[in-house]
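To start, the structure itself, in structure tokens.
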Amino acid sequence: MEPEATKKQNFPYLALVLILVVVGIYFLFNKPAPKTPPVTNTVANNVINVEEEAEPTATEEETVPNEVKVTIEGSSFKFVPNVITVKVGDKVIVEFKNIDGFHDFQIDEFNAATKVIKTGETDTVEFIADKAGTFEFYCSVGEHRKMGMVGTLTVE
């Protein structure tokens with residue numbers, strides 16, 4: 001009878017080991033994910049911070065000039081158009097096209113001048129309109145200015 005008594009005593013231990021194995025396997029395969037911050041959120045926050053630093057401040061935006069491109073044609077003692085209006089701080093780009101003769105384009109107050117060009121040629125000059133007022137532009141060839149080859153630049 002002793003072998004039967006040994007079997008009865010081992011049964012609770014065997015059942016307990018079996019339960020522990022089943023519970024261990026359950027937790028092994030259903031392990032919860034570690035609680036760490038998601039990588040995407042960290043990366044997104046870093047990108048946003050970089051972009052925020054890269055955005056210009058209000059002061060920087062004011063220093064970036066607005067570009068104003070103007071094409072002016074020069075011919076016998078006239079400019080077409082002969083009036084230009086821009087705002088203070090604008091970057092002015094004048095494309096001067098010579099239609100007839102030898103001419104140039106000059107504005108003394110902004111040290112802006114093209115070279116003297118002949119019929120069919122084009123030259124470009126750029127400057128920052130950094131002061132308000134009304135300024136004369138003209139052709140400096142010979143007596144062209146005195147003969148009326150002038151125009152007006154208004155900087156508001």
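The values are calculated or read from the model by the stated rules, or taken from the named source; none is laboratory data. Please read all numbers here as calculations on a predicted model, not as lab measurements. Counting neighbours? That spans all protein chains shown, and the Cβs are built from the backbone with ideal geometry, glycine included.
Quick one: is Lys118 without any contact (Cβ under 8 Å) to a residue 40 or more places away in the chain, closer than 27 Å to Pro65 by Cα and out of contact with any Ser or Thr (no Cβ under 9 Å at 6 or more places or on another chain)? Taking the combined requirement at face value, the residue does not satisfy it. The residues of region 131-156 that are basic (Lys, Arg) and either in contact (Cβ under 8 Å) with a residue 60 or more places away in the chain or surrounded by 12 or more Cβ atoms within 10 Å (Cβ to Cβ) (or both) amount to a single one, Arg145. In the set Lys91, Lys69, only one residue is of a type in the set (Lys, Arg), at pLDDT 90 or above and within 20 Å of Val150 (Cα to Cα); that residue is Lys69.
State whether one or more residues within region 42-64 are of a type in the set (Asp, Glu) and either at pLDDT 95 or above or part of a strand (DSSP E or B) (or both). Scanning region 42-64 turns up no residue that is of a type in the set (Asp, Glu) and either at pLDDT 95 or above or part of a strand (DSSP E or B) (or both). Being surrounded by 16 or more Cβ atoms within 10 Å (Cβ to Cβ), aromatic (Phe, Trp, Tyr) and modelled with pLDDT under 95 is a property that Phe96 lacks. Residue count for region 123-156 under the criterion of being closer than 13 Å to Thr85 by Cα and of a type in the set (Ser, Thr, Tyr): the result is 3.
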